[in-house]
Structure formats: C-alpha cells, structure tokens
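Below: the structure, in structure tokens.
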Amino acid sequence: MLNADLIAARRADIDAKQQQVADVLAAMNCEAALLLMPAHVAWFTAGLTVRGLIADSERPGIFTNGRQRWLLCSNIDSQRFFDEEIDQLGFQLKEWAWYGGRSELLANVTAGRVVAADRPFPHVPLLNDRLRPFVRVLTAYEQQRYFALGRWVAHAVEATARTLRRGETEEEIAGQLGHRLLHHGIHPAALSVTADDRAVKFRRTGFSTAPVTRSCVVQATGEWEGLFVTAARTVCFGPPTDEFRIAHEATVKLAAVYRSYTEPGATIASVADVASILLANTPLEFDGRMSQPGYGAGRFPAEELRRAGRDEPFVVGQALLWQPRIGPAASVDTLLVTATGCVPVTPPLEWPFKRITVRGVTTDIPDLLIRTDE
C-alpha cells in the first residue's frame with residue numbers, strides 16, 4: 001500500500017497532466033482524449049504497471065474529457081489495478097469483459113463525441129505530437145522516482161560485475177543481473193553482457209554462451225513505474241590488454257565530452273559531430289560510425305531523437321542515455337538535462353571512477369574495475 005504523502009504527490013502529478021490534456025483538447029476542438037499507447041498510459045497515471053501475459057488488444061487505456069478520468073481495462077485486471085496501482089488517485093472505471101474484447105468498449109465511449117486519440121482510427125485526429133512536449137519531460141514527482149530507479153539499476157550492475165567469476169558465461173551473468181533487478185521490483189527491460197572482445201565485432205551483443213576470461217561489460221536497462229534507466233560497468237581480471245585500455249580510455253573521454261555538451265538546445269547529432277572531430281586522424285576514427293552515440297530515455301528504453309530527418313533539441317527535464325562505444329569498450333549511463341547542464345542518474349556508487357573536466361564541466365565517469373581475486 002502507498003503511504004499518504006506519496007499518494008497525494010502522485011495524485012497532484014496526475015491532476016496536472018489531466019489539465020495539460022484538457023488544454024490540448026481545447027486547442028484541437030475535441031471533447032475527450034483516448035490514450036492507448038503504453039508510454040502515454042504510464043505517463044498519465046504516473047506509473048501504472050501492467051503485469052502478466054497480455055495481448056496488445058488487452059492493454060488498459062485512459063479516457064478523459066479534461067475534467068474527469070477513467071481507466072479502461074479488462075475485467076481480468078480491474079480489481080488489481082484499483083487495489084495495487086491507482087487506488088485513491090481519482091480514476092473511475094470503464095470495463096470490458098474479456099470474452100467481448102476492448103473494441104466494443106472503445107466504440108461505446110467514443111460514440112457521439114469528438115475524440116482525439118494516440119493511435120490511428122478512422123476520422124479521429126491524432127494528439128501524439130501535441131502530447132510530446134509533456135511526455136518527454138519528467139515532472140518533479142517522476143524525477144524523484146527516476147533517481148531512485150537509477151541508483152537501483154547502478155547498484156545491480158555494479159554488484160553483478162563485482163561478483164561475477166572468470167569462466168562464467170554471458171548467459172549466467174545475465175541471469176544474476178536480472179535476479180538483482182527483480183529483487184527490487186524492477187523489470188529487466190534489456191540486459192547485455194559482453195565477454196572479452198566480442199564487442200569488437202558486435203556492438204549490440206545481448207548475451208550468449210561465451211565465457212568470460214579477461215574482461216566483461218555488464219549493462220542493464222531497468223523499468224519501474226513506466227520509467228526506463230540504463231547503465232553499464234566494465235570489469236577486468238588483471239591488467240587490461242593495451243588494445244582494451246586504449247579503447248576504454250577513449251570511451252571515458254568521449255563520455256565526459258558528451259556530458260559537457262548536454263544542455264538545453266543541444267542535439268544528438270551535434271554531440272556526435274564533436275566525437276567525430278575528436279576521433280579524426282586516429283586509429284579509432286571509424287569506430288564512431290559503428291553505434292548510435294545515445295538515445296532519449298525516461299518513458300522509453302531507447303528513443304531515437306531524430307524525427308522526420310530533424311534532430312529534436314534537448315529540453316530541461318529530459319532523460320538521455322549516452323553510450324560511447326569504441327572497440328571492446330563501452331561507457332553507458334543515463335542523465336537528466338538541467339537548465340545548467342546535466343545530472344547523472346546512474347552515478348558510480350561503489351565503483352572506481354575518473355573525474356574529468358571538459359569545457360568547465362567536471363563529471364565522474366565509471367572506470368575499469370581491475371580484479372585480482374581470480
């Protein structure tokens with residue numbers, strides 16, 4: 001059960017979002033909004049979590065006229081949602097029977113009304129672009145929850161990297177990592193464990209049966225209350241090879257540069273251009289072309305910020321994932337854009353780091369953990 005202060009803060013957050021939707025409806029000359037996209041439902045409810053095996057057509061939705069709000073859901077889920085997820089948060093219920101399906105309920109709630117939706121329906125205007133400025137920015141309530149999630153994800157990644165054993169496979173280590181996340185109620189949205197030099201060939205590795213013999217990059221994306229955070233840490237058994245050390249030092253420097261340029265108005269492309277300049281005329285010159293430098297985070301595990309061929313400028317309150325990757329090395333963390341720069345969401349907790357200053361911005365970047373215990 002939620003405590004009273006948390007309920008009050010969450011309800012105030014939902015009330016503010018309902019008013020934002022009301023303003024959008026007024027601008028569109030619509031009477032009500034229908035939200036079905038999981039990210040929009042999680043945003044409007046400030047964290048409703050869908051559990052269990054569920055088809056897309058069974059997922060819950062939101063219906064609001066800007067003054068009142070209803071949860072649309074199957075009779076299978078309504079009791080749990082109101083007991084565990086949205087009790088005392090001002091929602092009414094519109095329910096469909098599982099054997100009848102969601103479509104009939106959607107037809108009933110929209111009949112005779114001018115409705116805007118976030119999924120395409122005949123003769124129904126889309127409101128996605130109008131919601132975008134609100135959804136991409138984390139509110140004060142969400143930021144508090146986001147930083148808590150960031151620490152849990154960083155802790156799980158660091159604990160896994162500190163205790164993994166030489167000879168364990170990537171799959172075994174991913175299992176340990178997933179267990180640590182689930183232990184805190186965090187869903188492992190994506191796990192990546194990269195042994196030795198496998199990332200030289202594959203930048204997106206996932207996890208395989210490959211055993212760890214010399215080094216390992218452990219990365220996790222955790223989801224909690226509809227929010228996503230990603231972090232990675234790198235461990236070596238004994239001193240790294242020259243190739244690995246050079247690649248790692250380059251990623252650490254790039255991570256510091258990326259953060260120094262993370263400010264309102266900057267873009268993914270502008271930061272990537274700086275990285276290209278730094279790597280030009282070096283043996284690492286072409287590595288920057290092998291992977292995306294970063295993504296939007298927050299409401300999505302990884303969101304492309306190029307829209308219709310144009311880069312979306314960063315705004316205050318937006319979450320970003322930076323992931324410079326050079327050869328076998330990676331430096332991956334989540335940050336929040338502020339009015340004066342950025343704040344790490346997944347800072348090193350019990351992990352070695354390098355304190356680097358670039359363009360007057362000082363930041364702590366996770367370093368290699370050199371283990372001599374095996």
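So the values come out like this:
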quantity	calculated
For segment 164-268, diffusion coefficient by Stokes-Einstein and Kirkwood Rh (Cα), 25 °C, 0.890 mPa s, µm²/s	162
Only Lys, Arg (+1) and Asp, Glu (-1) charged, at Cβ; segment 4-134 dipole about Cα centre in debye	260
Net +/- balance of residues flanking residue 253 in space, Cβ distance below 14 Å, scoring K and R +1, D and E -1	+2
Unit charges at the beta carbon, dipole of the chain: most positive-side option, 274, 231, 347	274
18 Å reach of a label modelled at residue 6, 7 Å along Cα-to-Cβ, counting backbone N of segment 138-169	139-153
Computed FRET value (nearest 0.05) for residue 23 with residue 349, which takes r as the C-beta separation and R₀ as 35 Å	0.30
Those lysines that a straight Cα-Cα span of less than 26 Å connects to residue 253, excepting residues fewer than 8 apart in one chain	201, 354
Eligible aspartates and glutamates near residue 17 by straight Cα distance, threshold 14 Å, same-chain separation 8 or greater	142
Which of 370, 173 has the fewest Cβ neighbours within 10 Å, and the rest in rising order	370, 173
Whole-Å semi-axes of the ellipsoid equivalent to segment 193-246 (Cα gyration tensor, √5λ, descending)	24, 12, 10
Given charges at beta-carbon only (K, R positive; D, E negative), |dipole| of segment 212-279 in Debye	220
Top positive-direction residue, dipole computed over the chain with Cβ charges, set 200, 217, 160	200
Largest-first principal axis extents, alpha carbons of segment 4-134, Å	38, 35, 22
Relative contact order (percent, whole number), the chain, Cα cutoff 8 Å, 6+ residue spacing	15
Radius 10 Å from Cβ of residue 138, net charge of other residues (Lys, Arg +1; Asp, Glu -1)	+2
Cα convex hull of segment 140-371 - mean projected area over all directions, nm²	11.9
Rounded to the nearest 20 debye, dipole of segment 140-371 from Cβ charges on Lys, Arg, Asp, Glu	140
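Read-outs: derived from the displayed coordinates by stated rules, not from any lab. Computed from a predicted model, the values in this text were never measured in an experiment. A quick note on method: Cβ atoms are made from the backbone with ideal geometry, for glycine too, and the neighbour counts reach across all protein chains shown.
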